[in-house]
Amino acid sequence: MAIYPKNKENEQLRKENARLKAALNEAEFENQRLEIINANLERQLAESNRELGENIEILQSLKGDIENLVSNLKNVGKE
């Protein structure tokens with residue numbers, strides 16, 4: 001009679017093991033999905049930073065042009 005409880009306990013442990021393996025597989029799949037998303041976001045961030053740097057350079061150039069135009073307009077008024 002002592003064998004039956006051990007078999008039942010073993011079966012419960014097998015079921016729990018299978019459940020935990022399934023949960024681990026789901027967690028690993030989710031981890032891979034999030035790693036892909038993270039890599040995509042890192043690429044987008046790098047591209048956005050590059051574009052931002054270009055836009056800052058353009059704005060600084062335009063600011064210099066505007067300052068020169070204002071200065072020229074002030075000088076034209078003095079002549």
* Asked: What is the spin-label model distance, in nm, from residue 55 to residue 73 if the labels are put 7 Å beyond Cα along the C-beta direction?
  -> 2.6 nm
* Structure fact -> Here, residue 40 and residue 28, labelled 7 Å along Cα→Cβ, have an inter-label distance in nm of 2.3 nm
* May I ask for the angle, rounded to the nearest 10°, between helix 3-78 and the longest principal axis of the chain, with both axes built from Cα atoms and the value confined to 0 to 90°? => 0 degrees
* Asked: So what is the 222 nm mean residue ellipticity for the chain from helices alone, if each DSSP H run of at least 4 adds -39500 (n - 2.57) and you divide by all residues, rounding to the nearest 500 deg cm²/dmol?
  -> -36500 deg cm²/dmol
* Put +1 on the Cβ of each Lys and Arg and -1 on the Cβ of each Asp and Glu in the chain; which of 69, 37, 25 then has its Cα farthest toward the positive end of the dipole? -> 25
* Roughly how many Å² of residue 58 are accessible to a 1.4 Å probe, to the nearest 10? -> 90 Å²
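The values are calculated or read from the model by the stated rules, or taken from the named source; none is laboratory data. All of these numbers come straight from a predicted model, not from anything done at the bench. Neighbour counts run over all protein chains shown; Cβ positions are idealised from the backbone, glycine included. Note: accessible area is taken over every heavy atom of the protein model, side chains too, but ligands, DNA and RNA are not part of it. Shrake-Rupley method; radii C 1.70, N 1.55, O 1.52, S 1.80 Å.
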